[in-house]
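Asks: A single structure is presented below for examination.
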Amino acid sequence: MSLDACAALVERGDPDRFAAVLAAPRGARARLLPLYALNLEIARAPWVSTEPMIAEMRLQWWRDVVAEPKPRAHEVARPLHDLIRAADLPRDVLDRMIEARRWDIYRDPFEDQAAMDAYLDDTGAGLMWLTACALGAGPEAEAGVRAYGWAAALAQYLRAIPELAARGRVPLVDGRPQAVSQLALRGLIRLNAARKTGVARGLRPALLAGWQAEGLLKQAARDPAAVAEGRLQLSDFARRGRLLWQATTGLF
């Protein structure tokens, strides 16, 4: 029930975010790891069983963890509980992040593009806002952090399209190449909007998890077929270079 357990979990299950944690200042890592471990746990929950009720119960368990005043004896729940109290994290944002994962349980498509947008806002953008809150963000930073988080969530979601389709999901409202390209361009617009708002330097370790967003979205906008074909991926050189640049300059 320690940060070491959270770190091991994230290293195994979410290597991209683990790389972002290692690139963050040492003092920020203890604030990032419990939230990234929670995100991994709830992202996995819909897929651990073919029985929807089992997945629903797992997500409800995490909703209860967030809501209850006392910690549970669990390797992620305990550090998460400590962080929620220490940083006064917004429990409503945590709850929406967990609740949004119910969509992953079932095979129903998104009702419309607004529903997909809300899913990305509650999951990826919500997570990035929570990590910023854990680092001391005030309400004035929310718009910029969420815009960047939404763009980063979209980039990772587009990369997961082939796997979602293989699992019987309908991941996109409109999967035509032109529509995919337009969706990626929307992500780039939000990313640029985030840059214009500016984010305090002390909060930027929270943004490191989105270091691949711009490159992936540009690729998807230019070559939308790469999304369905599973070719949406940066080279190792580009990945390492971008993370190093973002970590050392503080720019995003």
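The values are calculated or read from the model by the stated rules, or taken from the named source; none is laboratory data. Just so it is clear, the model here is predicted, and its values are computed rather than measured. Glycine also receives a Cβ, built like all others from the backbone with ideal geometry; neighbour counts cover every protein chain displayed.
Asks: Quick one: which residue in Ala132, Ala153 is within 13 Å of the chain's Cα centre (by Cα), surrounded by 23 or more Cβ atoms within 10 Å (Cβ to Cβ) and free of Cβ contacts under 8 Å to residues at least 40 places away in the same chain?
Replies: Ala153
Asks: Considering the range 181-201 alone, what residues qualify as being among the β-branched types (Val, Ile, Thr) and under 20 Å from the mean Cα position of the chain (by Cα)?
Replies: Once the filter is applied, which keeps residues that are among the β-branched types (Val, Ile, Thr) and under 20 Å from the mean Cα position of the chain (by Cα), the range 181-201 yields Ile189, Val199.
Asks: Residues that are touching a residue at least 12 places away in the same chain (Cβ under 8 Å) and in contact with a Pro (Cβ under 7 Å, 6 or more places away or on another chain): list the helices (runs of 4 or more DSSP H) wholly contained in the range 209-251 that include at least 1 such residues.
Replies: The helices (runs of 4 or more DSSP H) meeting that bar are 225-228.
Asks: Here is a follow-up. Is it fair to say Pro171 is of a type outside the set (A, V, I, L, M) and within 19 Å of Trp245 (Cα to Cα)?
Replies: no
Asks: Is it true that some residue in the range 168-188 is among the small types (Gly, Ala, Ser), within 26 Å of Ala115 (Cα to Cα) and modelled with pLDDT under 95?
Replies: Yes, some residue in the range 168-188 is among the small types (Gly, Ala, Ser), within 26 Å of Ala115 (Cα to Cα) and modelled with pLDDT under 95.
Asks: Being in contact (Cβ under 8 Å) with a residue 12 or more places away in the chain and not small (Gly, Ala, Ser) is the filter; apply it to the range 183-195 and report the residue that is nearest to Gly27 (Cα to Cα).
Replies: Result: Arg195.
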